[in-house]
Amino acid sequence: MSRAEVEARMEPGGDRPLERAAELEALDEALASVHASGQGRLVLLAGEPGMGKTSLLRAFCAAHDDIPTFQGGCDPLFTPRPLAPFVELADAAGGRLAARVARGRTPADVVAALVEELPRRRPALLVVEDLHWADEATLDVVRLLGRRLESLPLVVVLTYRDEHVDRGHPLRIVLGDLPAAGTVRLALAPLSADAIATLAGDETVDADALARRTGGNPFFLTEVLAAPGAEMPGTVRDAVLGRAARLGAPARRILDAVSIFPPRAELPLLEECVPGYPEGLGECLASGMLHPEGTAVAFRHEIARFVLDAELPPHERMALHRAALHALARTLPPDPARLAYHAEGAGDREAVLRWSPVAAERAAALGSHREAAKQYARALREADGLAPERRAELHERRSYECYLTDQIPEALAARLEALAEHRRRGDRLREGDAHRWVSRLRWFLGENVAAERAAREALDLLEELPPGPELAMAYSNISQLRMLARDCDGGIVWGERAIALAEQLGEVEILVHALNNVGSSQLQRGDPAGRATIERSLDLALAAGLEEHAARAFTNLASQMVETREYAPADHYLERGIAYCRDHDVDSWRLYMTGWLARSHLDQGRWDEAAEAATTVLRYPNPAAPSRIKPLTVVGRLRARRGDPEAWEPLDEALRLAEGMAELQRLAPVAVARAEARWLAGEHDLVAGETGETLAVAIETEDPWAAGELAVWRRRAGVREDPLEVEVAAPWALELAGDGAAAARAWSRLGCPYEAALALTAADGEEPLRRSLAELERLGATRAAACVARMLRSRHGVRGVVVGPRAATRANPRGLTVRELDVLELVTAGLRNREIAARLYLSEKTVHHHVSAILRKLAVPTRGQAAAEAARLGIAKR
């Protein structure tokens, strides 16, 4: 059977792929919705390679060829070109869009250009394929479009390979950030045995056996059924190689050349790279191995390109890359990312060192910092013969790009290489500055002792040299470390040295950094002037466009306010700061502030919002230790309060990270969370061990909030000890003095309902306990409510106290718990257990148990029927 015959049967209606009617209907509905409302819709189309995502979209676009369509795909390269799909679709559209995208310097510029190009009164279609290969700038464009989609008459279809997008993949984070409302999730299923029988036509095949062999994959099926002979190819690779082997030598030379040009090969390039061109091109097209794309040709599927590229003998592959490099070097304007890729394939060291740094600089300018780091790494693989100062510069640049993308171990390794180069050259100035950077990076890794040591090494070197910006920054770095260690006097003294030198040198960035440190130390010491000091740092940073420093100022203002329970200004700074970081792609600080937002929500009784904020951070791939600790404690405390399983998993991880950092601001929240979990579980005898060492540090550093909270949890667990020799914040002091009612009133004035309810347990009489129980039930703190019910029985002989379900559970007719409602919402959205686990920061096993309970309570056998039943009953969240 010919390939053309198989492909004709794959689309029996001429334009509707086999067994894809439901997906086409969903796409049609999304377009109709935009027609009706003018509000955009997002369609996420997932499927393994060869499952027919492109064929489905080709059929959909063909059925709606009357609407403007913008279509582009991501590069299947280890280091993809920044904004590749949007450059492609802009080039195809031409005119103003091409000019604006070419001029654009940021993802925001690209979004503005797209929006400007959209028709105002009718829908348009934007398709971005293979998003699993996307660079950071492309993902930023997708994220920005998602935020504006409600106001745009646009259907955005994003395709990706779901098995490539694990929990740590950057795309997973983007998918989690996209708006749930107006989003349709489609996952392509394998073809059935009936469909395979239809494809086979008059051929005698065992459809069930073929389904098992191919997994129902349409691409594999096409290759197998198009292969002549009785012997069935065992793998996709065998099928592709078998079909290629039947072509003549000129055609095979064309295929080999096209295989090194992902995603397509321009015809002028083939003319220069393939002897005898265009002989053989017609045969490649007639066989269906290649298909035309404007003035280029491409494989029908990336799988075939990959297979043939992998089969090329090394010397032939190198020769093809060399020819491609020479041809591309003459094109204007040059594309440094493509040139670097072919230079590496050609083994051309000089070309790699020429083009990779240029590609890195361009990627960094567009916000594709991961791609920039990879390009610098490519250059460094060829850097052995470079001058030491140039090699050190490449290491430093790679380190900074890794730092910006939270690849802290890689950033440290590169910075240490640069430090070694400076030391060998005897460049004491650069060596000292490298030590300062090493100090910063070791702090991010939670290696505080090593961070302090590197900071001192920097100072020892730089103080022997004439004062300069490097010394000022070294002073400010020590100020920051002292501030983080709650050494307020040290933070101020070293910070003032940095400020004086920075002002003398006119170094605004260093001044901004030092002011932030000093202001934070002032606030920690209880000096309200610190707020104005940090505000000055923030104003200077915003005026100078110092994005990271502005983010840090927002963070320190907000975190200090949360710690002193001043939630109105705290939430104001968090809202502004997170929005600023989102707009300027400062992800590390956005994550850190989101952790503090989770803590603010937790304190104020907004527990669903707290869980959502915490899991936003925890599902991010490998955030730095300081960013993880706060959300881990929030998740652990919520699980403990609600009686959810696995409270200790996040609390154990938080303890390990906090002990590595050895700072009170990390240790105290963890010790408090673990003490609370022990108390709620009735393990009162273990509370003293969880809190003793951290309480000593809090007393030593005279932290009134941390010392008071730790002391209260020890008191609640029955630990009797002398009054603290340090000032304690008022609400904690009242409870320690035995006035639980006054403490509860103080907490209520601050807006902390859970703390107010627990403080009532220290009040006299039955009535405060009943009020405590009612409030804890309202909050959904089932484990804490059970503890108070036991107090009522033991202290006042009250019998028959039953801890009932929280209001949200009572409000639905099938009695689903709040967590089951959370899971049901995501089941309704089409998420799988693995995705739900990542979203809610649960184990897959726990999600499985929740789904089973949901099916049982709703009396339905499948997830789809559960979604339908929830909608009928009106209990699914929207």
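The values are calculated or read from the model by the stated rules, or taken from the named source; none is laboratory data. As the structure is a computational prediction, the values presented were derived from the model and not from experiment. Reconstructed Cβ throughout: ideal geometry from the backbone, glycine too, with neighbour counts over all protein chains shown. Each accessible area value is taken on the protein alone, full model and side chains, heavy atoms only, with ligands, DNA and RNA left out. Shrake-Rupley method; radii C 1.70, N 1.55, O 1.52, S 1.80 Å.
Some notes on this structure:
- Scanning segment 78-104 for residues that are under 23 Å from the mean Cα position of the chain (by Cα) and either open to solvent by less than 20 Å² (accessible area, probe 1.4 Å) or under 16 Å from Val141 (Cβ atoms) (or both) yields a total of 8.
- Total residues in segment 404-418, condition buried (at least 24 other Cβ atoms within 10 Å of the Cβ) and at pLDDT below 95: 0
- Test: residue in segment 338-354 that is part of a helix (DSSP H, G or I), free of Cβ contacts under 8 Å to residues at least 24 places away in the same chain and closer than 21 Å to Pro263 by Cα: yes
- Contacts under 7 angstrom Cβ, first residue in segment 813-824 being farther than 15 Å from Leu873 by Cβ, partner in a helix (DSSP H, G or I) and modelled with pLDDT of 80 or more, 6 or more apart: Arg819/His850; Val823/Ile836; Val823/Val847; Val823/His850; Val823/Val851; Val823/Ile854
- Residues of segment 88-121 that are in contact (Cβ under 8 Å) with a residue 12 or more places away in the chain, under 18 Å from Asp335 (Cα atoms), assigned to a helix (DSSP H, G or I) and in contact with a helix residue (DSSP H, G or I) (Cβ under 7 Å, 6 or more places away or on another chain): Ala90, Arg100, Val101.
- Trp713 of a type in the set (Phe, Trp, Tyr) and surrounded by 19 or more Cβ atoms within 10 Å (Cβ to Cβ): yes
- Condition check for Gly800: within 27 Å of Leu686 (Cβ to Cβ) and open to solvent by 40 Å² or more (accessible area, probe 1.4 Å): no
- Test: residue in segment 749-763 that is closer than 22 Å to Val798 by Cα and in a loop (DSSP other than H, G, I, E, B): yes
- Residue match in segment 68-87 (condition: assigned to a helix (DSSP H, G or I) and farther than 18 Å from Glu293 by Cβ): no
- Extreme residue, farthest from Ser368 (Cα to Cα), among residues of segment 65-77 that are open to solvent by 40 Å² or more (accessible area, probe 1.4 Å) and of a type outside the set (Asp, Glu): Thr69
- Checking Arg456 against (1) in a helix (DSSP H, G or I); (2) open to solvent by less than 60 Å² (accessible area, probe 1.4 Å), the condition it does not meet: (2)
- Positions within segment 294-317 being surrounded by fewer than 17 Cβ atoms within 10 Å (Cβ to Cβ), among the β-branched types (Val, Ile, Thr) and within 13 Å of Ala244 (Cβ to Cβ), in sequence order: none
- Total residues in segment 643-660 satisfying the condition of being assigned to a helix (DSSP H, G or I) and buried (at least 22 other Cβ atoms within 10 Å of the Cβ): the figure is 5.
- Conditions (1) within 34 Å of the chain's Cα centre (by Cα); (2) at pLDDT 95 or above; (3) farther than 27 Å from Arg790 by Cα: number failed by Val672: (3)
- Among the residues making up segment 171-195, those that are closer than 22 Å to Val307 by Cβ and open to solvent by less than 30 Å² (accessible area, probe 1.4 Å) are Leu188, Leu191.
- The residue pairs whose first member lies in segment 426-449 and is of a type in the set (Ser, Thr, Tyr), whose second member is surrounded by 21 or more Cβ atoms within 10 Å (Cβ to Cβ), and whose beta carbons are closer than 9 Å, counting only pairs six or more residues apart or on different chains, are Ser439/Ala451; Ser439/Ala454; Ser439/Ala455; Ser439/Ala458; Ser439/Ala474; Ser439/Asn477; Ser439/Ile478; Ser439/Leu481.
- The single residue among Ala662, Ala611, Ala625, Ala668 that is under 23 Å from Ala558 (Cα atoms), without any contact (Cβ under 8 Å) to a residue 60 or more places away in the chain and out of contact with any strand residue (DSSP E or B) (no Cβ under 6 Å at 6 or more places or on another chain) turns out to be Ala668.
- Of the criteria (1) surrounded by 15 or more Cβ atoms within 10 Å (Cβ to Cβ); (2) without any contact (Cβ under 8 Å) to a residue 60 or more places away in the chain, which one Asp206 fails: (1)
Rundown of residues vs (1) open to solvent by 40 Å² or more (accessible area, probe 1.4 Å); (2) at pLDDT 95 or above; (3) in a helix (DSSP H, G or I), yes/no style:
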{"position": "Gly229", "(1), (2), (3)": "yes, no, no"}
{"position": "Arg243", "(1), (2), (3)": "no, no, yes"}
{"position": "Leu247", "(1), (2), (3)": "no, no, no"}
{"position": "Asp256", "(1), (2), (3)": "no, yes, yes"}
{"position": "Ile260", "(1), (2), (3)": "no, yes, no"}
{"position": "Ala286", "(1), (2), (3)": "yes, no, yes"}
{"position": "Pro292", "(1), (2), (3)": "yes, no, no"}
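- Note on segment 149-170: residues that are free of Cβ contacts under 8 Å to residues at least 60 places away in the same chain and in a helix (DSSP H, G or I) total 1.
- When Asp384 is tested against (1) outside any helix (DSSP H, G or I); (2) in contact with an Asp or Glu (Cβ under 8 Å, 6 or more places away or on another chain); (3) over 20 Å from Gln480 (Cβ atoms), only condition (2) is not met.
- Number of residues in segment 318-348 that are among the basic types (Lys, Arg) and either more than 36 Å from the chain's Cα centre (by Cα) or surrounded by fewer than 16 Cβ atoms within 10 Å (Cβ to Cβ) (or both): the value is 2.
- Any chance Glu575 is free of Cβ contacts under 8 Å to residues at least 40 places away in the same chain, open to solvent by 20 Å² or more (accessible area, probe 1.4 Å), more than 16 Å from Ala550 (Cα to Cα) and out of contact with any Gly (no Cβ under 7 Å at 6 or more places or on another chain): no
- Single match in Val307, Val297 (criterion: under 17 Å from Gly345 (Cα atoms) and in contact (Cβ under 8 Å) with a residue 24 or more places away in the chain): Val307
- The set of residues from segment 105-152 being over 26 Å from the mean Cα position of the chain (by Cα) and acidic (Asp, Glu) comprises Glu116, Glu117.
- Among the candidates Lys845, Lys857, residue that is in a helix (DSSP H, G or I), over 18 Å from Ala647 (Cα atoms) and open to solvent by 20 Å² or more (accessible area, probe 1.4 Å): Lys857
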